[in-house]
Amino acid sequence: MMSLTKEQVFAQAKAGKLWAGNLIAGFVGNTAKLENRTPIDNSVIGYIADGDALDVDAAVTVARATFEQGPWSQLAPGERKKVMLRLAQLLEQHSEELAALDCIDAGKPITECLNTDIPATIDTFYWYAEAVDKLFGKIAPTGPDALGLIVNEPIGVVVAVLPWNFPAQMFAWKVAPALAAGNSVIVKPAELTSLSAYRMVQLAYEAGVPRGALSMVCGLGEKVGASLGKHMDVDVVSFTGSTEVGRLFLKYSADSNLKEVILECGGKSPQVVFDDAELDAAVPHILAAAFWNMSENCSCGSRLIVDGSIKEALLAKLVEGLKAWKVGNPMDETVSIGPMVEQAHFNKVKLFLDLTIQEGGRLVTGGKIHDNVGSGWYIEPTIFDNVSSTMSLFKNEVFGPILAVSTFTTEEEAIALANDTNYGLAASFYSQNVKRTMRVARKIKAGTVSINGFSEGDISTPFGGFKQSGFGGKDNGLEAFSQYIQTKVIWYVNE
Ligand code: NAD
C-alpha cells in the first residue's frame, strides 16, 4: 500500500475523502456511515462506518474461529515475531501519513504527531515483536512423583477499546502485546478518531497478520462499545477512556460472561514543587505536564502544588515560558496548542473556566478563547491561582488546558494535597534533596511518580493507575502481557 505525504492526507481531508470502515474478514454489514469532522475547522473530512451489534457479532465469530483454528494463536512465537517486525517496518514507512491522520482527526499538533506519537507507536510494535519469543513458562518445585509445568497461553478473543486523545499510540499499546501473545484482537477506536487505526489494521494484513486475527469495528460507543462489552464470547476487554465509561464495562461484564476487564481511566495528577527545586530546569517540564496535547492527556499534571514561599517566582517563570506556546491551526508546524477535540468537549472545558472564576480562582494567565481561528474551539493555556481543595477545578479531570495552583507550607501538607484525589495515575515532584525525593515518591499514591521531570516512563515500564484511574493490569512493559495471557498448569503424574 502506497504511503501518503501529509500534504496528500490534508488534501484528501479537504475533499472529504478520508474513510475508516469496519474490517471483518468475509463480512459486509450495513452501509450506514457517520460524518467525520475535523476539530481544526469543523469541516467534513470524510466518513466512518456506523457499526452495530451485527458487525460486532460477525467480528467476534470470525475472531473466535480464527483463534480455534490457530493460524495465529498456534504459530510459534518466533514466527509471530517476524510478522510483527514486518508490521513495525510498514508503520515506519507510513509514519508521515499516520501522523497527518491523527493531526487532522484529533486536532493534535502535527509536530507532536511526527516527533512523538508515531515514533512511540512504531517503537511499541518493535518492542513487543522482539519480546514475545523471550517469555518463558516455569516448572514448579515438585517432588519426583510429579512434574508441574506452568505455561502461558493466549486468552482468546481480546477487545481493545480506545480513546481519542492518542489514537495511534493507544492502538499500539493494546494491539501490539495482545497480538504478539497470539490472541484474536478486535479494535474499537473512538468514534472521533478512527483513521489511523483503520490504516494500521490494513498494514497489519499487508504484513501477514491473518484477517481473522485482527478486526476493527468502527462506530459509536453506546452501540459498538456496549455490544462488545456485553458479548458472551469475548474473553477480555482492555479499555482506555474515561472513568465513567470504564464503570460501564464492569457492569457489561457482570451482566454477561464475566469477561476480564482491564481499565486505564482518567487522572488529576499533581505536580509538587518544593522550595529547594531548581525552578529554571523545572519550568519546561511543568508546562509540558500541564499543557502537552492541549492537556487532553490522562497523565496531565493539572494540579500544581507549590511551596508558598516560591509561588510568585515560579508563576512568573511559567507565564514567561508559556509565551513560546503558540495557539493555532495544528497543521502549522510552529503550533503547540490546537483545538479541543469536539464542540461538546470545548463546552465542558469552557464551563470550568467560568466556574473557577465564580468559585474564587485568580486568573494568572490565559483564559482566552481563540474563536476567530477555525472551529473556534481553541483555548489558551490557562493558569488559576488560589485553587483550594474544595473547588471543582481541583477535583475534576478537565482534559483541557487549565492548570490549578495551590500552596503548602510543610512536606506533610504537600503530600496530603497531592493524594487528595480519587485518581492515582501519575505525579511529579521537584526537589534537590535526595532523601526527600525518595520519601515523597514512596508516599504518593500514583502508578507513575516522576522526580525532577514529567514522564510517563517509556515502553519498557508498566503504565497504569491506582484508585479510580484504573485496575486489572498495566499497559507497556512486559507487564502488559499479563492482560493477554493466561496461566495454565500441566501436571504430569510420574508414578
Ligand atoms: P470515553 O470514555 O468517552 O471513550 C473511550 C471509548 O469508550 C471510546 O472508544 C468510546 O467509543 C467508548 N464508549 C463511550 N461510551 C461508551 C458506552 N456507553 N459503552 C461502551 N463504550 C463506550 O473516553 P475518551 O473521551 O475517548 O478519552 C478520554 C478519557 O480517556 C480521559 O478520561 C482520559 O484520562 C482517559 N485516558 C486514559 C489513559 C490511561 O492510560 N489511563 C490514556 C488515555 C486516555
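So, in Å, what gap is there between the alpha-carbon centers of segment 1-79 and segment 113-162?
25 Å
Using a cut-off of 14 Å between beta-carbons, work out the net charge of the residues near Lys350 (Lys and Arg +1, Asp and Glu -1, Lys350 not included).
Values: positive: Lys348, Lys368; negative: Glu342, Asp354, Asp371, Glu380.
Neighbour charge sum, excluding Lys350 itself: -2.
Lys82 to Gln358: FRET efficiency via 1/(1 + (r/R0)^6), r the Cβ-Cβ distance, R0 45 Å, to the nearest 0.05?
According to the calculation, E is roughly 0.15.
Could you pull out every one of the aspartates and glutamates with an alpha carbon less than 17 Å from that of Lys14, ignoring same-chain neighbours closer than 8 positions?
Glu35, Asp41, Glu97, Asp102, Asp105, Asp332
Tell me, what HN-Hα J-couplings in whole Hz come from the Karplus equation 6.51 cos²θ - 1.76 cosθ + 1.60 at θ = phi - 60° for each residue of segment 250-261, using x for Gly and Pro?
The phi angles translate into 5, 5, 4, 5, 4, 7, 10, 10, 6, 4, 5, 10 Hz.
Give me the 1.4 Å probe accessible area per residue for the chain, excluding ligands and nucleic acids, in Å². Write down the numbers at each step before the final one.
Values: 19470 Å² over 495 residues.
Here the per-residue accessible area is 39 Å².
What is the list of residues in segment 108-133 whose amide nitrogen lies under 17 Å from a point 7 angstrom out from the Cα of Asp458, following Cα to Cβ?
Label zone hits: 115-131.
Report the label-to-label distance for Leu135 and Ala416 in nanometres (one decimal), using points 7 Å from each Cα along the Cα→Cβ vector.
A separation of 4.4 nm, rounded to one decimal place.
Could you give the distance between the Cα centres of segment 168-206 and segment 459-477, to the whole Å?
Segment 168-206 and segment 459-477 have Cα centres spaced 19 Å from each other.
Could you tell me the largest-minus-smallest coordinate of the C-alpha atoms of segment 1-111 on each of the three principal axes, in descending order and whole angstroms?
The Cα atoms of segment 1-111 stretch 47, 33, 21 Å along the principal axes, largest first.
Within the accessible area of the chain, what % is carbon and sulfur when the probe is 1.4 Å and the other protein chains stay in place?
Details: 10530 of 19470 Å².
Carbon and sulfur: 54 percent of the exposed surface of the chain.
Give the long-range amide H neighbours of Ile186: residues separated by 5 or more places, or on another chain, with amide H under 5 Å away, using H modelled in the peptide plane at 1.01 Å from N.
When sequence neighbours closer than 5 places are left aside, the close amide H contacts are Val158, Val159, Ala160, Ser215.
In µm²/s, what is D for segment 411-495 at 4 °C and 1.567 mPa s, where D = kT/(6 pi eta Rh) by Stokes-Einstein and Rh is the Kirkwood radius from Cα pairs?
Here the translational diffusion coefficient equals 87 µm²/s.
Which order do the peptides 174-185, 90-101, 75-86 come out in when sorted by mean C-beta neighbours inside 10 angstrom, highest first? Don't skip to the answer; put the middle values down first.
Values: 174-185: 28.1, 90-101: 22.9, 75-86: 16.7.
So the peptides 174-185, 90-101, 75-86, ranked by packing, come out 174-185, 90-101, 75-86.
Residue by residue, what Karplus-based ³J(HN,Hα) values in Hz, rounded to whole numbers, does segment 53-67 have, using 6.51, -1.76 and 1.60 with θ = phi - 60° and x for Gly and Pro?
So the J values, rounded to whole Hz, are 5, 5, 4, 4, 4, 5, 5, 5, 4, 5, 5, 5, 4, 5, 4.
Apply the Debye scattering formula to the chain, with a single equal point scatterer on each alpha-carbon and no solvent, then give log10 I(q)/I(0) at q = 0.07, 0.11, 0.12 Å⁻¹.
Values, matching the q order: -0.38, -0.92, -1.07.
Amide H of Lys33: which non-local residues (sequence gap of 5 or more, or other chain) have their own amide H closer than 5 Å, using H built in the peptide plane?
Asp50
If the viscosity is 1.306 mPa s and the temperature 10 °C, what translational diffusion coefficient in µm²/s does Stokes-Einstein give for segment 52-172 when Rh comes from Kirkwood over Cα pairs?
92 µm²/s
What nm value, rounded to one decimal, do you get for the distance between Lys17 and Val319 when each label is placed 7 Å out toward the C-beta?
In this crude label model, Lys17 to Val319 measures out at 5.0 nm.
Measure up Lys348/Lys395; Lys395/Lys467; Lys268/Lys474; Lys251/Lys467; Lys134/Lys259; Lys268/Lys348 against 20 Å on the Cα-Cα distance and list the ones that go over.
Lys134/Lys259
Count the net charge of all other residues whose Cβ sits under 14 Å from the Cβ of Ala254, scoring Lys and Arg as +1 and Asp and Glu as -1.
Within the 14 Å Cβ shell, the charges total +2.
If we count every other residue with Cβ under 15 angstrom of Leu75's Cβ, Lys/Arg +1 and Asp/Glu -1, where does the sum land?
Residues close to Leu75 contribute a combined charge of +1.
The values are calculated or read from the model by the stated rules, or taken from the named source; none is laboratory data. The model shown is predicted, which means the values in this text are computed figures rather than measured ones. So basically every Cβ, Gly included, is an ideal-geometry build from the backbone, and we count neighbours across all protein chains shown. SASA here: full protein model, heavy atoms, side chains in, ligands and nucleic acids out. Shrake-Rupley method; radii C 1.70, N 1.55, O 1.52, S 1.80 Å.
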